[in-house]
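Worksheet: the structure to be examined is printed underneath.
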Amino acid sequence: MKDAVREACALLRAGEIVAMPTETVYGLGADAFNPDAVAKVFAAKERPSFDPLIVHIASRGDLKQVAVVPAELAETVDKLTSAFWPGPLTLILPKHPDVPDLVTSGLATVAVRQSAHPVFRAINKELGRPIAAPSANRFGRISPTAASAVMKELGGRIPLVVDAGACSEGVESTIISIEPREGKKPVFRLHRAGPVTKEQLQAFGKVEKVKEAAGGLPHAPGQLPSHYAPVTPLVLLEKPSDFRPIEGRSYALLSYRGEDDGPYVNLHDWEVVEALSPGSGKLAEAAIRLFHVMRVLDESGVDEIIAEPVSETGLGVAIMDRLRRAAAKS
Ligand code: TXA
Ligand code: MG
């Protein structure tokens, strides 16, 4: 792995882009202070330039290189970063002037986190500069949680994928912005649900969802209603009795537990059944497997994927968010 870290850093220093693992999903990284390199990330992903990137720093001390933390937020930022960094929590903060406008799509804020993945951390540290990295998929598609998935998404467009096996979280980081309140705990605006749950954040402040703007426009620029989309239509079936199969059409089931006697498994003679957490029904396992299972079903050749909901608590909020966005295209 040492050689891979060295090779990745050499490419990043030369203004190239490299796919590498984080604990959430694989990212497509570039030197955050090099706008030409960042432009290559947008090009490889076919990502519209209005959708800003997350900047990853090697240590909490590096935060001041990319963000200007206002005095009234300092204590809260300190508490959050000591509790959750390195880890899957992204903070939206006022941007440092050195961060190129391309990274933040011209916004006055920057999204920043410290990855907990040992390989990502090693690259970040050896490079000695912040790394701008969105998920390593083509725009709007399923995020990759293994190097093989990155190759399917971006093979031929990028010089290197650092392979460190499967990601340990499986869904993208939780994104929040912070609003201070006089004499009270701050308000956290939840821009994207993720592995750091609402319940965990509530110890430090009040969590409120960001309202979806009128006309389906995204609140976080990249949080479009349709995202994480397989090519095969995906329908989230809120209850089994909603299922109306069409004669001659083939269906796959994206099940939670995949148990033979489950109400969804029993509903139909499915072409394929894939379970998120086979047998045991654990949300953490479901999150890790979610994008992998979506890919497997997308490639299975069925006409339609039917997804079973999971309970919307803890990590289930992030899983349901991804399923709804995957279904929004159909
Ligand atoms: O777990 C993750 O966050 C992964 C790994 C690679 O770190 N990254 C990731 O990046 O999911 P991406 O680009 O796929 O999603 C970043 C999201 C987008 O929805 C973008 O709009 C939002 O963060 N974002 C970035 N900067 C923002 C800002 N200043 N204000 C609001 N939203 C922002
Ligand atoms: Mg993404």
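A few comments on the model shown:
- Meets criteria (under 19 Å from the mean Cα position of the chain (by Cα), over 23 Å from Ala193 (Cβ atoms) and more than 15 Å from ligand 2 (Cβ to nearest atom)) for Ala116: no
- Cross-chain or 6+ apart pairs with Cβ under 8 Å, the stretch 56-84 first and open to solvent by 70 Å² or more (accessible area, probe 1.4 Å), then modelled with pLDDT under 95: Glu72/Pro180
- Whichever residue in the stretch 227-273 is acidic (Asp, Glu) and surrounded by 13 or more Cβ atoms within 10 Å (Cβ to Cβ) and, among such residues, is farthest from Ser300 (Cα to Cα): Glu259
- The criterion of being touching a helix residue (DSSP H, G or I) at 6+ places or on another chain (Cβ under 9 Å), basic (Lys, Arg) and crowded, with 19+ Cβ neighbours inside 10 Å holds for Lys95.
- Listed conditions (1) more than 16 Å from ligand 1 (Cβ to nearest atom); (2) touching a residue at least 24 places away in the same chain (Cβ under 8 Å) are all met by Ala10, apart from (2).
- Hits in the stretch 118-143 (condition: under 17 Å from Ala30 (Cβ atoms) and near ligand 1 (Cβ under 10 Å from one of its atoms)): Phe120, Ile131, Ala132, Ala133, Pro134, Ser135, Ala136, Asn137, Phe139
- Qualifying residue in the stretch 13-28 (condition: crowded, with 18+ Cβ neighbours inside 10 Å, farther than 21 Å from Glu126 by Cβ and not polar (S, T, N, Q)): yes
- Criterion: open to solvent by less than 30 Å² (accessible area, probe 1.4 Å) and among the acidic types (Asp, Glu) - qualifying residue of Glu126, Glu153: Glu153
- Qualifying position, being in contact (Cβ under 8 Å) with a residue 12 or more places away in the chain and not in a loop (DSSP other than H, G, I, E, B), among Glu238, Glu274, Glu259: Glu274
- Listed by position, the helices (runs of 4 or more DSSP H) contained in the stretch 100-219 that have at least 2 residues being over 21 Å from Cys9 (Cα atoms) are 101-104, 147-154, 198-201.
- Looking only at the stretch 17-34, and only at residues there that are assigned to a loop (DSSP other than H, G, I, E, B) and within 12 Å of the chain's Cα centre (by Cα), the one that is nearest to ligand 2 (Cβ to nearest atom): Val25
- Inter-residue pairs, beta-carbon under 7 Å, first without any contact (Cβ under 8 Å) to a residue 40 or more places away in the chain and in the stretch 100-123, second part of a strand (DSSP E or B) and open to solvent by 30 Å² or more (accessible area, probe 1.4 Å), 6+ apart: Ala108/Pro94; Ala108/Lys95
- Members of the stretch 156-178 found to be farther than 19 Å from Ala30 by Cα and either away from ligand 2 (no atom under 16 Å from the Cβ) or open to solvent by 10 Å² or more (accessible area, probe 1.4 Å) (or both), listed by number: Gly165, Ala166, Ser168, Glu169, Ile175, Ile176, Ser177, Ile178
- Condition met for Val38 (of a type in the set (Val, Ile, Thr), part of a strand (DSSP E or B) and either without any contact (Cβ under 8 Å) to a residue 40 or more places away in the chain or assigned by TED's automatic domain parsing to the domain that holds Thr104 (or both)): no
The values are calculated or read from the model by the stated rules, or taken from the named source; none is laboratory data. This is a predicted model, so every value here is computed, not measured. In this analysis, Cβ positions are derived from the backbone assuming ideal geometry, glycine residues included, and neighbour counts consider all displayed protein chains. For the accessible areas, the whole protein counts, side chains as well, though only heavy atoms, and no ligand, DNA or RNA atoms are used. Shrake-Rupley method; radii C 1.70, N 1.55, O 1.52, S 1.80 Å.
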